[in-house]
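Okay, so here's the structure we're looking at.
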There are 2 protein chains.
Amino acid sequence: MRTSKYLLSTLKETPNDAEVISHQLMLRAGMIRKLASGLYTWLPSGLRVLQKIENIVREEINEAGAVETLMPVVQPFELWEETGRSEKMGPELLRFTDRHDRAFALSPTAEEVITSLVRNEVNSYKQLPLNLYQIQTKFRDEVRPRFGVMRAREFCMMDAYSFDIDKDGLNASYEAMHEAYCKVFDRMGLDYRPVLADTGAIGGSASHEFHVLANSGEDVIAFSTKSDYAANVEMAEALAPAEARQAATQEMTLVDTPNAKTIADLVKQFDMPVEKTIKTLFVKADENFDGELVALLVRGDHELNEIKAEKLPQVAAPLEFATEEEIRAAVGAGPGSLGPVGLKVTFIADRSVAAMSDFGAGANVDGKHYFGINWDRDVTLGEVADIRSVVEGDPSPCGQGTIQLKRGIEVGHIFQLGTNYSEKMNCGVLGADGKNTILEMGCYGIGVSRVVAAAIEQNHDENGIIWPDAIAPFTVAIVPMNMHKSERVREAAEKLYADLKAAGVEVLFDDRKERPGVMFSDMELVGVPHTVIIGERSMDKGVFEYKHRRDGEKIAVDMENMVDYLKDAFQPEKKTRRRNV
Amino acid sequence: MRTSKYLLSTLKETPNDAEVISHQLMLRAGMIRKLASGLYTWLPSGLRVLQKIENIVREEINEAGAVETLMPVVQPFELWEETGRSEKMGPELLRFTDRHDRAFALSPTAEEVITSLVRNEVNSYKQLPLNLYQIQTKFRDEVRPRFGVMRAREFCMMDAYSFDIDKDGLNASYEAMHEAYCKVFDRMGLDYRPVLADTGAIGGSASHEFHVLANSGEDVIAFSTKSDYAANVEMAEALAPAEARQAATQEMTLVDTPNAKTIADLVKQFDMPVEKTIKTLFVKADENFDGELVALLVRGDHELNEIKAEKLPQVAAPLEFATEEEIRAAVGAGPGSLGPVGLKVTFIADRSVAAMSDFGAGANVDGKHYFGINWDRDVTLGEVADIRSVVEGDPSPCGQGTIQLKRGIEVGHIFQLGTNYSEKMNCGVLGADGKNTILEMGCYGIGVSRVVAAAIEQNHDENGIIWPDAIAPFTVAIVPMNMHKSERVREAAEKLYADLKAAGVEVLFDDRKERPGVMFSDMELVGVPHTVIIGERSMDKGVFEYKHRRDGEKIAVDMENMVDYLKDAFQPEKKTRRRNV
């Protein structure tokens, strides 16, 4: 491609409304333009990356045995009512009526459509397993679209749906997709992790997220320092402390603490180690539980993990914190003075809390705390559960090493749905036993357009994007110096361009009448991995200059050998794969 | 692909609601399934064809110098108001509001979006010419979606938009796209014609439609028997008869014709040649014209061409026929007795009418006609124009041969828009003279999903689809006979499958436990062009059987030579191109 015939559309200035680096660079590098809030036009350079990602996804998902289909963007609303998701999705599901007043929705995902297809098309276990996927435009009417294509309203997603006759089949389909996802992100040259994820409200039996690691990531992932273990911090189990609870050494005393409203106040004013303090949080109880509220106890230096808490049978889902009024009505005191001693509300203690001795907590009287509390002597320890988030240094739940936290951007998610949708939509086939058998489903998504942004978050420097070869919009940039004045440079550049094209290499040939500095900074901003600089001075020595985007070091290469040199320089696709469980 | 791992989804019965053959076959061959009125899910076989067409389009449009982008399906409604097309499109433009009550539309086309992009991104004539395109989902809320994907609501379209500094540039861009379109349809192996088309209400300066020829086509195309001339029948010029008007031989007489309400009655009751009769039609006059109505005269055996009539300055656009009341008020008589003699309304005569002598027409008195009318002697011939549709046997307007009519399905359209949109949206750049210059635009569409249906309308027989190689879902089908009982057959089939895949051939390997008859009829229905039959009996002779879908003749081929034989049998892409003007 010649820049003169291309829409490069690079920007010198960083647009004001772009908060994250990938959004800024996608705008500056001429990859996208905003059409409206959360709606982006993909300019040529952006689309080239998007299509490369699409193709890698397509190849690997095909290889895993899934079969490609294409479902409409516009879906009949009645299908969403059939599964009850029309309510659950809320206004993110964009609804409208057609000219005949029939209700439709813009597809945010396609479980309903694919399940209705399979229930019509498949009628025998002999046609299974079946995994159908599509790479298609999706729409979610986000209340606050942001971060460019990272959280856009219209986006490109690969969504696959597997159908199996039983759980073993589902497990096999799930494993095949897990493997395919690893291949996809390996091939893209991204540093990523498959992590154990919450199965959430759908109540499936297994789930993994695939995260591209980047400091700017919204999610926190817990890793073991010594094994492959990785889990979303929402999911990572916080083990009980290895050391047993120590014996009591202090008497319990009631202390006036009028100015200690927070753990920090308490620690500061009474010189108390934060590990000797307790936070007491009140949430609404499950409707089948005897009582309005439940108290949750975590150590002062820990955070309640809401996902874990929500799964407790005593606790209402979705999780809802009690208001101060509700707490006062139930306890007789307000936040800042709450604790287990003398509490009339059932409490559940985190495992770390259960291991504490000689600790301090609110006395359930405003402005008072008990110090030197010990379990069973002063207050009976009831139910103990894992309800906190792990922190760095915790022992890893895999049994090896300790927990380390990193930030990640979720780009993929695989999920065992079980019979959740197939039951509601009566999607069954004739089993080997001659009986109707409801199918076991899995669903699998890759945020194709999000991968573009995630790759940039992970691969950039102050001059722009640094694309891995596999997803670069162009592999090679040719930058001729003053070509419009030097016939010799022009000829050499044209010849190299023709030779590389003939060799199947995707080249961006900067044939604009621009100063070399402008050309260099554009090519760096766009992130072309390999650059060849052609100039009179180096040609006098029989060489061109080669520069890799990452290190920027200029290397003299014999003019004749440039094509071969480049081929050697191209990043081979990773063959080894990281595999976390 | 193994059928056992595929979603073949063939149907024995023709679905009731499918009117046209392509719709029937797409359902029966498992290419599409209806999700709702005008909304179809593309099943694997259909999507494979769609993607092949997409890829051919992409390659040739790239080759023509256009650059691919991707615009959102959801477009801000305000852009449609900026060009005034929100009104013009009517309810076909599906409108809705998002959660914040902002108005949007589902994209039926993208002139507005691309023009708003270019006015922001391009600011100098040096960046031109520029041709941007996308292959993207479109939506038109058709009042009566029908014929499957031929007139669906959601469909896949390639839409390109060229931007040039002047008319010469536009002409060059237009020519390049015309050429690219020919290559596209040549490569697909379709019998098609580029035809001159009406430039319609937009008032552009040139337009061609690309039609796939098929008896079931909705459009009629006029060809020359002796040249490349082809035009939409709406557009084809009807020349004046070569012979001059003959001298009068009859006196004009007023005749009672109480039972002659139509031309057919007149011809029958008075033994009058139809070429000696005139139809007089009344339409509303243009608002700048002096008078309410205009009369249009065509010969009894000809049809008024409404597109041509609408272009007359005297006639209101859009064309509107007068009601009987309006005619009576103006003329004093009703339809069946109207004619030029004594007419108080201005009339325009077709060229053929102007060449008539001794003809009959209504006397503008109910139940009476004049016979033996002659121009100028009995009534003054006023304005003469080409207002009829051509018929077979007319002289071709190109000057060579005569007109022949064929039916076609419009699959592409190219159009010189000029400054229509760029002016309204103020899309200009700095010209070489340093002044702001409004850009000359062209727009170019290919109905990608419609091509699938059109190809089937042109290529099928009673057993199913007959795909041209270039767009077939699979190139080769392997049909092993009783493979599940014969290890020898299985081994041979597996080996051939592996060999063909290694050679890069797309193969559908029918490994189901089905009777040969079922397999054959499925492969024929799906339309795989080349089939290899593997059975014990032919293997005894050292051969497999080869069969081409079109003739069905079985040919014995040495087992060892089958891969080479197939490669020779594959249809080479057409190199010569038909080029109509």
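The values are calculated or read from the model by the stated rules, or taken from the named source; none is laboratory data. Remember, predicted model here, so these are calculated numbers, not experimental data. Because the Cβ atoms are built from the backbone with ideal geometry, glycine has one as well, and the counts that use them run over all protein chains shown.
At a glance:
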{"item": "Per-region count, region A:127-148, residues among the basic types (Lys, Arg) and at pLDDT 95 or above", "result": "2"}
{"item": "Selection count where residues are buried (at least 23 other Cβ atoms within 10 Å of the Cβ) and either within 14 Å of chain A (Cβ to nearest Cβ) or among the acidic types (Asp, Glu) (or both), scope region B:142-153", "result": "4"}
{"item": "Residues that are within 15 Å of residue B:85 (Cβ to Cβ) and free of Cβ contacts under 8 Å to residues at least 60 places away in the same chain, drawn from region B:413-425", "result": "B:423"}
{"item": "Selection status of residue B:195, surrounded by 23 or more Cβ atoms within 10 Å (Cβ to Cβ), touching a helix residue (DSSP H, G or I) at 6+ places or on another chain (Cβ under 6 Å) and away from chain A (no Cβ under 14 Å)", "result": "no"}
{"item": "Members of region B:279-296 found to be among the charged types (D, E, K, R) and under 11 Å from residue B:330 (Cα atoms), listed by number", "result": "B:292"}
{"item": "Region A:118-129: number of residues that are in a helix (DSSP H, G or I), touching a strand residue (DSSP E or B) at 6+ places or on another chain (Cβ under 6 Å) and facing another protein chain (nearest Cβ under 10 Å)", "result": "1"}
{"item": "Residue identified as of a type outside the set (S, T, N, Q) and free of Cβ contacts under 8 Å to residues at least 60 places away in the same chain among B:509, B:520", "result": "B:520"}
{"item": "Those residues of region B:154-179 which are crowded, with 23+ Cβ neighbours inside 10 Å and among the small types (Gly, Ala, Ser), in sequence order", "result": "B:160, B:162, B:173"}
{"item": "Elements of type strands (runs of 3 or more DSSP E) contained in region A:253-369, each with 3 or more residues being surrounded by 20 or more Cβ atoms within 10 Å (Cβ to Cβ)", "result": "A:278-284, A:293-299, A:347-350, A:359-365"}
{"item": "Test: residue in region B:220-238 that is in contact with a helix residue (DSSP H, G or I) (Cβ under 6 Å, 6 or more places away or on another chain), surrounded by 14 or more Cβ atoms within 10 Å (Cβ to Cβ) and in a strand (DSSP E or B)", "result": "no"}
{"item": "Scope region A:158-173; condition within 14 Å of residue A:414 (Cα to Cα) and assigned to a helix (DSSP H, G or I); matching residues", "result": "A:170, A:171, A:172, A:173"}
{"item": "Yes/no for residue B:69 being hydroxyl-bearing (Ser, Thr, Tyr), closer than 30 Å to residue B:180 by Cβ and in contact (Cβ under 8 Å) with a residue 12 or more places away in the chain", "result": "yes"}
{"item": "Subset of region B:502-511 [surrounded by 21 or more Cβ atoms within 10 Å (Cβ to Cβ) and not in a loop (DSSP other than H, G, I, E, B)]", "result": "B:507, B:508, B:509"}
{"item": "Out of A:429, A:390, A:411, sole residue that is in the same structural domain as residue A:117 (by the TED database), out of contact with any Gly (no Cβ under 7 Å at 6 or more places or on another chain) and not polar (S, T, N, Q)", "result": "A:429"}
{"item": "Criterion violated by residue A:411 - all others in (1) surrounded by 24 or more Cβ atoms within 10 Å (Cβ to Cβ); (2) not in a strand (DSSP E or B) satisfied", "result": "(2)"}
{"item": "Conditions (1) out of contact with any Asp or Glu (no Cβ under 6 Å at 6 or more places or on another chain); (2) basic (Lys, Arg); (3) not assigned by the TED database to the domain that holds residue B:167; number of the one not met by residue B:99", "result": "(1)"}
{"item": "Conditions (1) at positive phi; (2) without any contact (Cβ under 8 Å) to a residue 12 or more places away in the chain; number of the one not met by residue B:311", "result": "(1)"}
{"item": "The one condition in (1) charged (D, E, K, R); (2) in contact (Cβ under 8 Å) with a residue 12 or more places away in the chain; (3) over 30 Å from residue B:216 (Cβ atoms); (4) assigned to a loop (DSSP other than H, G, I, E, B) that residue B:141 fails to fulfil", "result": "(3)"}
{"item": "Residue in region A:266-274 that is in contact with a His (Cβ under 9 Å, 6 or more places away or on another chain) and in the same structural domain as residue A:346 (by the TED database) present", "result": "yes"}
